[in-house]
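Visitor: Have a look at the structure that comes next, please.
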Number of protein chains: 2
Amino acid sequence: MKLIGIMMLLFASLCYAQEQGDFKPATTNVLDAQYPRVDSASRVQIRIKAPDATKVKVNFWSNPKLDMEKQADGFWTVTTPPLAPGLHYYTINIDGVEVSDPGSHSFYGGSKDASAVEVPEAGVTYYLPQDVPHGQVREVWYHSSVTGSWRHALVYLPPNYDTQTKVRYPVLYLQHGGGEDETGWIKQGHANFIIDNLIASKSSKPMIIVMASGYARRPDYKAPDITGNPMGSPAGMRFMQEMMATFEDDVTKILIPFIDSTFRTIPDRDHRAMAGLSMGGMQTFQVTFNHLDLFSYIGGFSGAGGMMMRGEQKLDLKTAFNGALADPTAFAKRVHLLWIGVGTEEPPQMRAGIQRLNAALVEAKVKHEFYESPGTSHEWQTWRRDLKDFAPRLFQ
Amino acid sequence: MKLIGIMMLLFASLCYAQEQGDFKPATTNVLDAQYPRVDSASRVQIRIKAPDATKVKVNFWSNPKLDMEKQADGFWTVTTPPLAPGLHYYTINIDGVEVSDPGSHSFYGGSKDASAVEVPEAGVTYYLPQDVPHGQVREVWYHSSVTGSWRHALVYLPPNYDTQTKVRYPVLYLQHGGGEDETGWIKQGHANFIIDNLIASKSSKPMIIVMASGYARRPDYKAPDITGNPMGSPAGMRFMQEMMATFEDDVTKILIPFIDSTFRTIPDRDHRAMAGLSMGGMQTFQVTFNHLDLFSYIGGFSGAGGMMMRGEQKLDLKTAFNGALADPTAFAKRVHLLWIGVGTEEPPQMRAGIQRLNAALVEAKVKHEFYESPGTSHEWQTWRRDLKDFAPRLFQ
């Protein structure tokens with residue numbers, strides 16, 4: 001009896017330890033918020049006060065929705081199963097209303113300021129601030145005659161930009177995804193810390209990174225009333241095409257000249273790259289393939305040319321992208337890097353589209369790099385890894 | 001009958017026009033969100049979908065709460081009375097849960113990412129982007145041995161900072177309020193546009209503006225569990241005092257040397273100013289009055305020294321602020337500008353505290369400026385006006 005009693009106690013305390021875990025407030029929380037919190041098993045606990053609600057769910061966008069449980073004190077709580085490492089957007093659904101968690105800082109995604117929780121990746125520091133020289137991120141505003149408006153962009157300048165006043169730098173244009181904005185690569189992606197660390201270890205050349213808004217409309221353009229996925233309707237497709245064409249004009253006619261006249265760039269195609277994630281990947285392919293006179297490094301992160309949306313079974317490189325890839329030898333001479341990537345856990349249709357592009361490139365012997373991020377979905381950990389693999393290949 | 005019929009129709013259409021107003025989506029909305037919207041009479045319409053909720057209220061922080069009305073389509077709506085011009089924080093209360101409005105961008109205030117709506121001020125452009133040379137706002141990170149952590153700050157650099165590489169500039173340290181953070185003066189306040197416009201009209205000297213986080217804790221410090229106003233309990237007061245002292249150390253020992261070694265400043269007290277709003281005003285008084293060797297321009301926006309919290313009926317300048325103001329003649333020689341301001345509609349206790357300080361300064365013949373923002377409360381329109389009045393008096 002005594003032994004069994006001790007064993008039960010031990011068992012109970014083990015269960016307790018496992019249930020309790022070693023939860024700590026997430027680094028993405030607002031000051032002093034105790035929830036959400038994360039443990040070393042990558043589980044996340046959410047807690048929100050809603051004493052009068054009848055049903056509360058948490059919706060991690062890359063995971064199934066979870067019902068939260070009402071506690072006696074009017075708080076609702078839930079502990080998730082282990083999540084993939086990285087930044088996870090989520091919203092809380094209170095009696096049918098999708099809201100942000102006041103304990104979390106907000107991150108622009110899904111066309112709103114959404115909550116997100118950072119799940120650390122054990123032993124991984126490449127996207128964290130380290131004791132290395134730090135570049136600076138600048139907010140700039142430029143007036144675009146293409147859109148007839150003031151436009152906001154973020155610009156990363158490498159360490160020593162200010163002190164080495166004769167040095168000029170190559171430029172990477174780096175685009176966010178649909179529903180996100182120009183703040184995403186810094187706030188969600190930590191692109192500045194990734195490049196700081198790559199430069200410090202001499203893995204990457206020092207470079208300027210320009211992060212612009214991917215949304216662009218001509219002054220007289222009236223957006224149609226579209227709900228849901230714009231790719232889902234002809235009006236939505238026209239809207240996307242119009243936006244992409246306007247963005248292409250803004251980047252090539254306004255933004256690049258503005259950047260080249262504002263910063264100490266090396267203003268030629270050999271020292272200019274473009275990459276983007278998801279919608280930004282599609283935009284990258286459109287802008288660069290139509291302007292190979294301006295770009296010579298191309299990256300598509302979880303989004304490559306939009307063909308995955310169009311239901312093609314096989315990609316015909318002779319005609320795709322206005323024929324830019326029709327002559328692989330000429331393309332390889334002209335383009336220093338064509339890089340595509342996707343997470344192994346991305347939705348099947350998305351992954352299949354990029355695999356299809358990869359297969360077509362392989363078959364046509366178009367020189368390129370293909371990277372698959374293990375265990376991650378259509379989410380920021382994939383794109384952080386993409387940038388870590390992509391950036392060292394630039395301007396070498 | 002006919003005439004009455006026509007008159008009734010006219011009356012009905014007039015009512016309709018007034019009810020309809022000329023509402024437009026707020027400039028603070030996320031892309032394409034149609035609500036909240038604002039009309040030319042400064043009324044705001046809020047709309048949120050909550051089909052299963054039983055009570056929904058909107059809470060504009062500087063105004064009484066308003067009940068929202070359920071519509072047949074499951075949306076709840078309300079139109080506010082005319083609001084003061086400027087940026088208004090608000091939250092929506094759905095069945096007792098205080099949430100952000102997904103239609104609004106979020107702004108860090110009240111210790112969370114809150115919603116806010118910009119109500120334009122007719123004919124007023126000083127805080128809007130104009131066709132003038134624009135400075136840039138930089139994000140910088142510095143490691144502080146005072147707090148043992150990486151700290152984030154924003155730094156405004158005036159137009160031509162990059163091209164006129166021999167020019168050095170004076171510096172204004174500009175602090176946010178309690179519950180806000182270092183992004184407030186740019187996102188909520190538009191300090192960059194205010195200074196751009198003042199510099200363009202030659203009303204202000206070109207200057208660097210440093211916006212740092214007002215929260216600082218030593219590495220080993222454990223924050224007590226305080227709910228509500230920290231000034232309300234002895235533990236809360238000690239917490240605030242400890243934070244203020246740590247902040248004072250961080251600014252004077254780490255931040256100023258970092259800024260002076262990173263940017264082309266004029267690193268002396270004659271070219272260094274500090275100002276802040278609310279809690280930032282209290283911090284400004286503490287830091288500058290304790291370090292007159294470092295600062296010679298001082299601004300307190302809706303917060304001056306904290307004495308309004310301590311219930312003193314009259315301020316004794318002989319002993320207040322460690323006696324820094326005890327000798328008005330010496331003070332006037334040493335300090336080029338002491339500036340205090342408050343909105344006429346601020347809560348009575350807050351306004352009374354600053355008026356009390358003003359009265360004490362007048363009585364003691366301490367040279368200073370006192371500005372009252374007409375019709376505005378403890379809110380950003382007051383502080384935008386404060387900066388517009390304060391900045392031209394610097395470094396002249």
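Visitor: Does B:T344 qualify as being closer than 16 Å to B:Q175 by Cα, assigned by TED's automatic domain parsing to the domain that holds B:I266, modelled with pLDDT of 90 or more and not acidic (D, E)?
Guide: no
Visitor: Before we move on, is A:A273 under 27 Å from A:P234 (Cα atoms) and surrounded by 16 or more Cβ atoms within 10 Å (Cβ to Cβ)?
Guide: So A:A273 does not fit the description; no.
Visitor: Let me spell it out: the conditions are (1) touching a Lys or Arg at 6+ places or on another chain (Cβ under 7 Å); (2) among the hydrophobic types (A, V, I, L, M, F, W, C); (3) in a loop (DSSP other than H, G, I, E, B), and A:V155 meets all of them except one. Which number is the exception?
Guide: Against the list (1) touching a Lys or Arg at 6+ places or on another chain (Cβ under 7 Å); (2) among the hydrophobic types (A, V, I, L, M, F, W, C); (3) in a loop (DSSP other than H, G, I, E, B), A:V155 comes up short only on (3).
Visitor: Could I ask something else about it? Would you mind stating whether A:S62 is touching a residue at least 60 places away in the same chain (Cβ under 8 Å), facing chain B (nearest Cβ under 9 Å), within 24 Å of A:A191 (Cβ to Cβ) and within 22 Å of the chain's Cα centre (by Cα)? It would help to see each step written out before you state the result.
Guide: Working: touching a residue at least 60 places away in the same chain (Cβ under 8 Å): yes; facing chain B (nearest Cβ under 9 Å): no; within 24 Å of A:A191 (Cβ to Cβ): yes; within 22 Å of the chain's Cα centre (by Cα): yes.
Here the answer is no, as A:S62 does not meet what is asked.
Visitor: State whether one or more residues within segment A:30-37 are touching a His at 6+ places or on another chain (Cβ under 6 Å) and of a type in the set (F, W, Y).
Guide: Scanning segment A:30-37 turns up no residue that is touching a His at 6+ places or on another chain (Cβ under 6 Å) and of a type in the set (F, W, Y).
Visitor: Only one of B:W150, B:W76 is assigned by TED's automatic domain parsing to the domain that holds B:E180 and assigned to a strand (DSSP E or B); which? Spell out how you get there, then give the answer.
Guide: Numbers: B:W76 fails: assigned by TED's automatic domain parsing to the domain that holds B:E180.
Selected residue: B:W150, the only one of B:W150, B:W76 that is assigned by TED's automatic domain parsing to the domain that holds B:E180 and assigned to a strand (DSSP E or B).
Visitor: When you scan segment B:79-100, how many residues do you find that are at the interface with another protein chain (Cβ under 9 Å from one of its Cβ atoms), closer than 25 Å to B:W380 by Cβ and either hydroxyl-bearing (S, T, Y) or not in a strand (DSSP E or B) (or both)?
Guide: Total meeting the criteria: 2.
Visitor: Continuing with this model, one more query. Out of everything in segment A:327-380 that is surrounded by fewer than 16 Cβ atoms within 10 Å (Cβ to Cβ) and among the small types (G, A, S), what residue ends up being farthest from the chain's Cα centre (by Cα)?
Guide: A:A330
Visitor: The conditions are (1) among the polar types (S, T, N, Q); (2) more than 8 Å from every other protein chain (Cβ to nearest Cβ); (3) over 29 Å from A:M274 (Cα atoms); (4) crowded, with 23+ Cβ neighbours inside 10 Å, and A:Q71 fails exactly one of them. Which is it?
Guide: (4)
Visitor: How do the helices (runs of 4 or more DSSP H) wholly within segment B:169-274 filter down when requiring 2 or more residues that are free of Cβ contacts under 8 Å to residues at least 24 places away in the same chain: which remain?
Guide: The qualifying helices (runs of 4 or more DSSP H) are B:234-249, B:256-262.
Visitor: Continuing with this model, one more query. For residues that are among the small types (G, A, S), at pLDDT 95 or above and within 26 Å of A:D181 (Cα to Cα), tally how many sit in segment B:20-43.
Guide: The qualifying residues number 1.
Visitor: Sticking with this structure for a sec: Based on this model, can you work out whether A:S13 counts as modelled with pLDDT under 60 and among the small types (G, A, S)?
Guide: Numbers: modelled with pLDDT under 60: yes; among the small types (G, A, S): yes.
Spelling it out, A:S13 is indeed modelled with pLDDT under 60 and among the small types (G, A, S).
Visitor: Still on this structure, I have one more. Here are some conditions: (1) within 14 Å of chain A (Cβ to nearest Cβ); (2) under 22 Å from the mean Cα position of the chain (by Cα); (3) of a type in the set (A, V, I, L, M, F, W, C). B:I46 meets all but one. Which one does it not meet?
Guide: Here B:I46 meets the rest and fails (2).
Visitor: Determine, yes or no, whether A:S106 is more than 9 Å from chain B (Cβ to nearest Cβ), under 18 Å from A:Q381 (Cα atoms) and in contact with a strand residue (DSSP E or B) (Cβ under 8 Å, 6 or more places away or on another chain).
Guide: no
Visitor: For segment B:311-359, which residues satisfy the criterion of being in contact (Cβ under 8 Å) with a residue 60 or more places away in the chain and of a type in the set (F, W, Y)? Outline the logic, then answer.
Guide: Kept after step one, since they are in contact (Cβ under 8 Å) with a residue 60 or more places away in the chain, are these residues of segment B:311-359: B:336-337, B:339, B:345.
Of everything in segment B:311-359, just one residue is in contact (Cβ under 8 Å) with a residue 60 or more places away in the chain and of a type in the set (F, W, Y), namely B:W339.
So that you can scan it fast, the table gives a plain yes or no per residue for (1) buried (at least 22 other Cβ atoms within 10 Å of the Cβ); (2) at pLDDT 95 or above; (3) touching a strand residue (DSSP E or B) at 6+ places or on another chain (Cβ under 8 Å):
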site: A:D95; (1), (2), (3): no, no, yes
site: A:E98; (1), (2), (3): no, no, yes
site: A:K112; (1), (2), (3): yes, no, no
site: A:E121; (1), (2), (3): no, yes, yes
site: A:T125; (1), (2), (3): no, yes, no
site: A:Q130; (1), (2), (3): no, no, no
site: A:V137; (1), (2), (3): yes, yes, yes
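Visitor: Further question: So, of the residues in segment A:117-147 that are assigned to a strand (DSSP E or B) and more than 10 Å from chain B (Cβ to nearest Cβ), which turns out to be farthest from A:F247 (Cα to Cα)?
Guide: Among residues in segment A:117-147 that are assigned to a strand (DSSP E or B) and more than 10 Å from chain B (Cβ to nearest Cβ), the one farthest from A:F247 (Cα to Cα) is A:V119.
So that you can scan it fast, the table gives a plain yes or no per residue for (1) among the aromatic types (F, W, Y); (2) crowded, with 22+ Cβ neighbours inside 10 Å:
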site: B:P133; (1), (2): no, no
site: B:T147; (1), (2): no, no
site: B:A153; (1), (2): no, no
site: B:P158; (1), (2): no, yes
site: B:Y161; (1), (2): yes, no
site: B:T165; (1), (2): no, no
site: B:T183; (1), (2): no, no
site: B:N192; (1), (2): no, yes
site: B:D196; (1), (2): no, yes
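Visitor: In contact with a His (Cβ under 6 Å, 6 or more places away or on another chain) and of a type in the set (A, V, I, L, M, F, W, C): does that describe A:L325?
Guide: Details: in contact with a His (Cβ under 6 Å, 6 or more places away or on another chain): no; of a type in the set (A, V, I, L, M, F, W, C): yes.
No; evaluated as a whole, the condition is false for this residue.
The values are calculated or read from the model by the stated rules, or taken from the named source; none is laboratory data. Not measured: the values here are computed from a predicted model. In this analysis, Cβ positions are derived from the backbone assuming ideal geometry, glycine residues included, and neighbour counts consider all displayed protein chains.
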